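These notes are about the structure you will find just below.
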Amino acid sequence: MTHLDGADNDQAKGPGHGPRAAAREIADAVESLTDLWTVAAQESTPRLSLHQLKALRAVAEAPGLNLTALAERLDIGMPTASRLCDRLEAAGLLERGTHPFSRREVQLRLTLPGRQVLNDVAGRRAQALAAVLGLMEPADTIALRRGLQALHTARDAGRSRPADPDGR
């Protein structure tokens, strides 16, 4: 169970109410979803680490990405990114090629097996999530979808204004 640090200002509405109580419950649900997501990804062949999957997704989203840009996207150092690409290339999931306009720059591209692995992982994740959603009442599934859409909207709105240190 996730516990958030700091003063709990939910007392005004009573225990179990307010944004901090909701945050604790949502954090627990996210941890459960993360476990589901991880297990589904690790059932793929070849079995890849989450960093390797993130690297493949980054290259899929931006074909021709160079090593520096990949390291920045993954927030890792260049040596780590290079070793990561070495492993993915050795597994036949990624290929390096020279940039058409700058022979010193290396571009990264997924191979067909790399795309197949990403599709397999996405399918497994969707199947695992659908199985859990299938156990929920339809009204709860609709409420969850609405809540996640509202969360996404609020997050985007929060990015456009400075954060309040009091969390309000």
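Read the figures in this text as sums done on the coordinates, not as results from a lab. Small disclaimer: the values here were computed from a predicted structure and weren't measured. Quick reminder, even Gly has a Cβ in these numbers, built from the backbone with ideal geometry, and neighbours come from all protein chains shown.
Counted as membrane-span-like here are DSSP H helices of the chain whose alpha-carbon atoms extend 20 Å or more along the helix's own axis and whose Kyte-Doolittle mean is -1.0 or above; these are 18-42, 112-134, 138-159. Estimated at 0.36 nm per residue, the fully extended path between Gln42 and Phe101 surpasses their Cα-Cα distance by 17.5 nm. Only the Cβ atoms of Lys and Arg (+1) and of Asp and Glu (-1) were treated as charged; on that basis the dipole of segment 14-168 about its Cα centre amounts to roughly 440 debye. Taking a point 7 Å out from the Cα of Leu144 in the direction of its Cβ, the residues of segment 25-44 whose backbone N falls within less than 20 Å of it are 25-42. Kirkwood radius and radius of gyration were both taken over the C-alpha atoms of segment 74-168, and their ratio Rg/Rh is 1.16. Quarter the surface of the alpha carbon convex hull of the chain and you get the mean projected area, 13.5 square nanometres.
Computed from the Cβ-Cβ distance with R0 of 22 Å, the FRET efficiency linking Leu50 to His17 stands at 0.05.
Only Cα pairs under 8 Å and 6+ residues apart enter the sum, and on that basis the relative contact order of segment 28-102 stands at 18 percent. Summary of packing: across the peptides 126-132, 59-65, the per-residue average of other C-beta atoms within 10 Å ranks them, highest first, as 59-65, 126-132. In this simple spin-label approximation, Ala60 and Ser160 carry label points 7 Å from Cα along the Cα→Cβ vector, and these lie 3.0 nm apart.
Given R0 = 22 Å, the distance between the Cβ atoms of Met136 and Asp35 translates into a calculated FRET efficiency of 0.80.
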